[in-house]
Each structure stands twice: as C-alpha cells, then as structure tokens.
1. When only residues in the stretch 1-13 that are more than 16 Å from residue 91 (Cα to Cα) and under 16 Å from the mean Cα position of the chain (by Cα) count, which is surrounded by the most Cβ atoms within 10 Å (Cβ to Cβ)?
2. So which residues in the stretch 1-29 are of a type in the set (D, E, K, R) and closer than 17 Å to residue 52 by Cβ, if there are any at all?
3. Hey, can you tell me all the residues within the stretch 256-292 that are surrounded by fewer than 12 Cβ atoms within 10 Å (Cβ to Cβ) and in contact (Cβ under 8 Å) with a residue 60 or more places away in the chain?
4. Within the stretch 52-90, track down each residue that is more than 29 Å from residue 171 (Cβ to Cβ) and either modelled with pLDDT under 95 or of a type in the set (Lys, Arg) (or both).
5. Looking at the structure I just gave you, is residue 17 of a type in the set (Lys, Arg), over 25 Å from residue 179 (Cβ atoms) and surrounded by 13 or more Cβ atoms within 10 Å (Cβ to Cβ)?
6. I'd like the residue in the stretch 170-187 that is hydrophobic (A, V, I, L, M, F, W, C) and not in a loop (DSSP other than H, G, I, E, B) and, out of all such residues, is modelled with the lowest pLDDT.
7. So, residue 242, is that one in a loop (DSSP other than H, G, I, E, B) and either touching a Ser or Thr at 6+ places or on another chain (Cβ under 8 Å) or under 16 Å from residue 166 (Cα atoms) (or both) or not?
Amino acid sequence: MIGLTGHLGDIAFYNGKIYGSLEYKEKHAFYIAIFDTSLIDKLNMNAESSGAMKTVYLKEVVKDFLEDLDKDERVDDKDNPASPDHRYGCSGIDGVAFGPAFDRKDARKIVLTVAYGIYSNVKRNDNDHQVLLQYDVTKWDDYAQPLKQSAPHKSGPESADGKYFVYTGNTEFGVQNLEYDETANYWFMAVYQGKKAKFSNYKLFLIDGDAVSTTGVVVGQPKANGKEEEGQLLSLAALGHYHKETGIFGMDSDAAFGLAKLGDGRFYVASRNDNTPVLRKWTGKCPIPFDGLGRAIQLLQ
C-alpha cells in the first residue's frame, strides 16, 4: 500500500481486515485505518484510490489532543513534547489490539482497544497514565470513509464505547505495541522507557484479561470546580517486578518495535535496539518473561 503521508503505527488483524492507527497531527486528524485484505491483490496499491482502505475518525482523541490546558487560546500541534497542552499528555494514538471489553457487560464481546500516545514531559504530573479507548467496530460501517489526505474527513463515533486509565508512570510516547493474548489471558502494553526519576520505568506492562474497571480518581489531573477528575481505572497485573514506592508492577522486557501473538503462547518480539523480530514463547517469569525460540526472517531493508 502506497501514498500514505501520515504516521501508520501499530496494527491488528480481525475478521479479514487489518486495523491500524493513523495520525495527521498538524491536521488534527487521528484515524483507525481499515484495510480489507480481500481487496488487496497486488503490490503498490494506492491507499486513497484503490478502495482497499477506509478510515474512521476518532473524535475522542482529537478532543483530548486539542485541549488548551494553559488557557492561552492556542494549542501546539507541531508535535512538541514540552507543550503544556493536550489532556493526559495525549500525543495521538499508537497501540491497537482486539480483545474482551473491560466493562464486562458481555464478556464474550470482542472490541478494538486503542492506546493513546503520551508525551514524555517530566515537568508534568498529569501524563502518568496509559489511556485506553474501546470501540465496538460492528457499529462502524456507517463511519468508515475513503481518506482524502488533502481534506481529511471527520466521520466517526462521537465518543468511545469505553475509556480507561492505567497508572504506569510516564512513558515516552505511550503504548507502542498493544496485544491481547487469549492463551496467557493478558493484555500486553509495550512502551519506550519513561524518564521520570520517581518511577520504575518498566518497558512492559500487563493487564489481566479478566480485569474489571472501577471508578476512581485519575490522579494528577487539574481540579474542576474544586473536584478531582474521576474515570474508569484498570489495575496492572501483579506480575513481574514490583515498585513499592508507586505500587506499579512491570517488566524490563523490550518489545517496543514489535509484538505480535501467534495465539498459542508464542510471540514475535522486536526490541528498540534490534528491530528484527525474534520468535519467543511467553513464560511470565522474571527477569526474562519470553524464552527465545529462534530468529524470524530478516526484514527487508
């Protein structure tokens, strides 16, 4: 697929389609790109004109990205991590995966989970959560539109079906790779290591697949009318290292450049230092939760 000028991030495969996060920051456009694999039959198909790709606009993300927190009547949209704007430190989106809904009203329902990108601004206290949105994509047929990059459309749901906060400490650009593995029954959140000294700054965080959200204070957010912000909170799985000072669990395993499940406990994992994916088996043990099984086919350069 050719012709995309935006940032295409993490991808997930579901029901014959590929879903990927797609960003156009300066145009204030954040999409889920949907590639219909049944229509992809040759190389170098054009993303705009081939008909194989449609996009859904994520209004919830745009709203948080454009939040003028310092009230100076302007929002820095030039991808400036030092900006005081952007609610929750939202820099857009990256990690995407399909898995069970966190609201548990229907435990069998499989939904799309989209993770925010989070700016690593060590001077802020409101950017220490991962923010996860969940969407029922069976409702998206009326929203999905071909993308015209010179004039991005705004067709998408008014809000997410669920919005959840996971306290991990600050990271560098949020969840790079998100994956739900039904064999292990965990959500995997692979990140670039954070820089705030008060946190443990793990590289991998996990959420139990049976986790149920609870209503609580989203710490670090500015008060509104004297009240602290509340939201739906998810706890990290009690697995791996434990940082007593912050109560955060995590692991040092690096999967920031690639994390793809095979559905049987095996994963392809690529680190930031070596973007060649390696076949590994999940063990959950510390300090190394993935056992090496062999090297994947060398990526094309």
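1. Ranking the qualifying residues of the stretch 1-13, first place goes to 12.
2. Across the stretch 1-29, the qualifying residue is only 17.
3. 263, 264
4. Answer for the stretch 52-90, where residues must be more than 29 Å from residue 171 (Cβ to Cβ) and either modelled with pLDDT under 95 or of a type in the set (Lys, Arg) (or both): 54, 73.
5. Numbers: of a type in the set (Lys, Arg): yes; over 25 Å from residue 179 (Cβ atoms): no; surrounded by 13 or more Cβ atoms within 10 Å (Cβ to Cβ): yes.
Spelling it out, it is not the case that residue 17 is of a type in the set (Lys, Arg), over 25 Å from residue 179 (Cβ atoms) and surrounded by 13 or more Cβ atoms within 10 Å (Cβ to Cβ).
6. Initial filter on the stretch 170-187 (hydrophobic (A, V, I, L, M, F, W, C)): 173, 175, 178, 184, 187.
When the remaining residues are screened for being not in a loop (DSSP other than H, G, I, E, B), the result is 173, 175, 178, 187.
Working: 173: 95, 175: 98, 178: 98, 187: 98.
Step by step, filter the stretch 170-187, then rank; the result is 173.
7. Answer is no for this residue.
Listed here are the residues, each with its yes/no results for (1) out of contact with any Phe, Trp or Tyr (no Cβ under 7 Å at 6 or more places or on another chain); (2) at pLDDT 90 or above; (3) under 17 Å from residue 129 (Cα atoms).
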position	(1), (2), (3)
196	yes, yes, yes
230	yes, yes, yes
240	no, yes, no
256	no, yes, no
280	no, yes, no
287	yes, no, no
300	yes, no, no
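The values are calculated or read from the model by the stated rules, or taken from the named source; none is laboratory data. Quick caveat: nothing in here was measured; it's all calculated off a predicted structure. Backbone-built Cβ (ideal geometry, glycine too); neighbour counts: all protein chains shown.
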